[in-house]
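Only one structure is covered here, and it is reproduced in the block below.
Here, each number is a calculation from the coordinates, and none is a lab measurement. Quantities reported herein were computed from a predicted structural model and do not represent experimental measurements. No Cβ is skipped: glycine too gets one built from the backbone with ideal geometry, and neighbour counts run over all protein chains shown.
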Amino acid sequence: MNYYKTGQFAKLANVSERTIRYYDKIGLLKPSFVMENGYRQYSDLDLLKLQKILSLKHLGFSIEEIFPMVMDNTNLKESFDLQIDLIEDKISHLQSLKDALKRASQTPDLSWNMILSLVQLSNEETNIIEQYKNAKNLNDRISLHEKYSTNKQGWFNWLFNQIDFSKVNRLLELGCGNGKLWQENRIDLRNREIFLSDISEGMVEEVRNKLGSDFNCIVADAEKIPFKDEYFDSVIANHVLFYLNDLNLGLKEISRVLKPNRILYCSTYGKNHMKEITEIVQNFDSRINLSNHSLYDIFGLENGESILCNYFSNVEKYNYQDSLEITESKPLIDYIMSCHGNQNEILGPRLNEFKEYIEELLKNNGKIVVTKEAGLFVCRKRVIQ
């Protein structure tokens, strides 16, 4: 193992000493050890960590987003594989942009459609990074539930069993995510059309790769469903409705594409769902909000029935009994860092400190018990006489 002073380390990595000192100051890249005289000593392992930081920064990730990615103790091969995948996506995007610019330069009269295509293609690189973040965040959230849920049936198996497939010829799932509902639960697809949709192109591509051609995987917005009236026998919206920009518009669209008297299955959370995790992070730093909105206030177990009754009839609620008993720090921290709030900005520079805080809680209590409050509404499209 080789060791380097700050100046040597910076020169070796072809970055400024100021950059190295800044990463040290914010806690992103600490030296392997500090000598009694205050001199910092960086190691070959620190050099590998710096390489990952610089690569992710070049690919478009912010410092706050890089923190949990470099704190994660993935092995060297996994680290390189991640960077290779992202770089290949970037190369593919740049090649497409280059080809489009060549075509445009050779076209005497540029149309507005071609100009618009160039603008959209130029912005696509940002979408690639966002799609990676969305997929990773979703997988981190699912992983915590799979590993520590006390109800071993599992949410997706339970949800699948609530769906009556006996009269389903066409079914649409809105916000299918990574397709988890269908990965282990298979049905006879003969004489059936199953459409799995998500607003994220990256998610749809992941589902297509995992499930193959048996399912129709499409990019679609729940507020503008691209199907004709009364097309589906059932629609599934699993933990989706509270994310819509316009919930009423989304429900109108779902009602529009459902056949009369056919069924919507929509799940959501209650106000006590995962409350202990919120308490844990706010006890550590009261500025942290894991979500910019209280999802259950938009569409939750408490108000869901009254909202659905405006568009559907025979609304029934089914509660899923479960809790989490967490015994390790890393999956919990990954879950917390995957949330939609300001936690990356605040926790990023203090991630090691936060990890020690979580591990102290586990040491004192043996486990962290977390309330889960989730359920399903089943309702029918109202028949207008």
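Here are some notes:
- Peptides 9-21, 46-58 ranked from most to least packed give 46-58, 9-21, packing being the mean of other C-beta atoms within 10 angstrom over each peptide's residues.
- The C-alpha atoms of the stretch 244-293 occupy a region whose extents along the principal axes are 51, 18, 10 Å, arranged from largest to smallest.
- The charge dipole of the chain, taken about its Cα centre with unit charges on the Cβ of Lys, Arg, Asp and Glu (plus for the first two, minus for the last two), comes to roughly 240 debye.
- Taking the number of Cβ atoms within 10 Å of each Cβ as an exposure proxy, the fewest-first ranking of Asp322, Asp214, Asp221 is Asp214, Asp221, Asp322.
- Charge context of Pro31, other residues only, Cβ under 15 angstrom, K/R +1, D/E -1: +1
- 32 Å Cα-Cα threshold exceeded, pairs from Lys147/Lys317; Lys49/Lys152; Lys271/Lys330; Lys49/Lys102; Lys102/Lys180: Lys49/Lys152; Lys49/Lys102; Lys102/Lys180
- Dipole orientation for the stretch 148-381: of the candidates Leu308, Ser213, Pro260, Pro260 has the Cα lying most toward the positive pole (charges on Cβ; Lys, Arg +1; Asp, Glu -1).
- Label-to-label distance, nm, for residues given as Lys271 and Glu359 (7 Å Cα→Cβ offset): 3.8
- Positive-end residue of Asn245, Ile194, His273, charge dipole of the stretch 148-381 with Cβ unit charges: Ile194
- Dipole magnitude (debye, nearest 20) for the stretch 238-331, charges at Cβ of Lys, Arg, Asp, Glu: 460
- Added length on full extension, which subtracts the Cα-Cα distance from 0.36 nm per residue, Leu47 to Val15: 10.4 nm
- Among beta bridges identified by DSSP and lying wholly in the stretch 148-381, the antiparallel ones come to about 55 percent.
- Entry note, the chain: the mean residue ellipticity at 222 nm calculated from DSSP H runs of n ≥ 4, each adding -39500 (n - 2.57), is -15000 deg cm²/dmol after division by the residues and rounding to the nearest 500.
- FRET efficiency estimate (nearest 0.05) - Cβ-Cβ, Asp221 to Arg350, R0 41 angstrom: 0.65
- Rounded to the nearest angstrom and listed largest first, the equivalent-ellipsoid semi-axes of the chain from its Cα gyration tensor are 42, 30, 17.
- Reported to the nearest whole Å, the Cα centre-to-centre distance from the stretch 172-201 to the stretch 250-318 is 21.
- Here the extension length gained between Asn209 and Asp188 equals 5.6 nm, from 0.36 nm per residue of separation less the Cα-Cα distance.
- Straight-line cross-link partners of Lys252 among the aspartates and glutamates, defined as a Cα under 20 Å from its Cα and at least 8 positions apart when in the same chain: Glu173, Asp198, Asp221, Glu223, Asp229, Glu230, Asp233, Asp297, Glu305, Glu316.
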